[in-house]
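Trainee: One structure is given below, represented as structure tokens, and several questions about it will come after.
The values are calculated or read from the model by the stated rules, or taken from the named source; none is laboratory data. All values reported here derive from a predicted model rather than from experimental measurement. When we count neighbours, we look across all protein chains shown, and the Cβ atoms used for this are built from the backbone with ideal geometry, even at glycine.
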Amino acid sequence: MERRGRKRTVGPSSATLGEPGTVYVGNRGDSSVCAVDEAKLVRGTCGTLDAMPNGIAYVATTHEVWVTTPGDKSIRILDATTLAQKARLPFDGDPEGFAVDATRNRFYTNLEDKDVTLAIDLTTHATVAATWKPGCGEAGPRGLRLAEPDGFLLVACTTRTLALDAGHDGAIVDSVDTGDGVDDLDYVPANHTVYVGAAKDARLTIAALDASGALTSLVVVPTKPGARNPAAAADGSVYLPNSQGGELVVVTPAPPGATIFAE
């Protein structure tokens, strides 16, 4: 397909864990969402949208799959069993990023082109907080992660990461500089650690989030140009896809006093 004057091949690009044993996969190639058995690696029920899926999230409390479709300025809500569309939520901007908050019964997303963050009620589908302004600038906010018990929503701007007070009024509590070229981020609740990859500056920022919402940079690891969207594993390893280099950059943990490195 052609996008912004460039031709590219598209296909499966997003996934979310559902009930035990099921993974839902969003496919930009045919605008489908399919349930896959993660043990047998067999594709099951599929549903097809009339817009290209981007982000995808399973909502356990309602047994639904929420799909952002920014090309259509909407979010689609699918039944998790049949993958039939239950609702279409229209917006005046492009939904980008998502986080599910079971504690507060909310689904968070950004309107990238409006530089705002929204909180949507999981049951009524009403936007309950539409005025949160992260102030990311023209490039807008991107990825989201939630520190659920403490009520802090982590918002990735292209050069910094913010902590918003999702438990109250969405005010900016703190921020940390991360280098340029950020899209998504990761957060590990067990050790309150935030991982942010900057593709343009070729670096991974590892930061701590404390109980008050303060963000403190712990270490900055050189990576490679193009590496971003980190995924942190249980053993402390961090994986960053690098579409520019056609590779997966791996940052491995190091013993105390040693240097953390990427390969």
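Trainee: Inspect all residues belonging to the range 52-62 and state whether any of them is touching a residue at least 60 places away in the same chain (Cβ under 8 Å), under 21 Å from Leu144 (Cβ atoms), touching a strand residue (DSSP E or B) at 6+ places or on another chain (Cβ under 9 Å) and buried (at least 16 other Cβ atoms within 10 Å of the Cβ).
Mentor: Checked the range 52-62: at least one residue is touching a residue at least 60 places away in the same chain (Cβ under 8 Å), under 21 Å from Leu144 (Cβ atoms), touching a strand residue (DSSP E or B) at 6+ places or on another chain (Cβ under 9 Å) and buried (at least 16 other Cβ atoms within 10 Å of the Cβ).
Trainee: For the range 23-52, name all the residues that are more than 15 Å from Ala87 (Cβ to Cβ) and part of a loop (DSSP other than H, G, I, E, B).
Mentor: If the condition is that a residue be more than 15 Å from Ala87 (Cβ to Cβ) and part of a loop (DSSP other than H, G, I, E, B), then Arg28, Gly29, Asp30, Ser31, Glu38, Ala39, Lys40, Leu41, Met52 are the ones that fit.
Trainee: Exactly one condition in (1) surrounded by 18 or more Cβ atoms within 10 Å (Cβ to Cβ); (2) free of Cβ contacts under 8 Å to residues at least 60 places away in the same chain; (3) closer than 19 Å to Asn105 by Cα; (4) not aromatic (Phe, Trp, Tyr) is not met by Ala166; state its number.
Mentor: Every listed condition holds for Ala166 apart from (2).
Trainee: Is there a residue being in contact (Cβ under 8 Å) with a residue 40 or more places away in the chain, among the aromatic types (Phe, Trp, Tyr) and out of contact with any Cys (no Cβ under 9 Å at 6 or more places or on another chain) anywhere in the range 131-140?
Mentor: No, that holds for no residue.
Trainee: List pairs: first residue in the range 171-182 and farther than 15 Å from Ser217 by Cα, second residue modelled with pLDDT of 95 or more and among the basic types (Lys, Arg) anywhere in the structure, Cβ distance under 6 angstrom, at least six positions apart or on different chains.
Mentor: Note: pairs meeting the criteria are Asp180/Lys200; Gly181/Lys200.
Trainee: Look through the range 221-234, keep the residues that are in contact (Cβ under 8 Å) with a residue 40 or more places away in the chain and in a strand (DSSP E or B), and return whichever of them is surrounded by the most Cβ atoms within 10 Å (Cβ to Cβ).
Mentor: The qualifying residue surrounded by the most Cβ atoms within 10 Å (Cβ to Cβ) is Val221.
Trainee: While we're looking at this one, here's another question. For the range 80-161, list the strands (runs of 3 or more DSSP E) that sit wholly inside it and hold at least 1 residues that are within 30 Å of Gly44 (Cβ to Cβ) and in contact with a His (Cβ under 7 Å, 6 or more places away or on another chain); which are they?
Mentor: On the way: elements: 85-90, 95-101, 106-111, 116-121, 127-132, 144-147, 152-156.
Correct list: 85-90.
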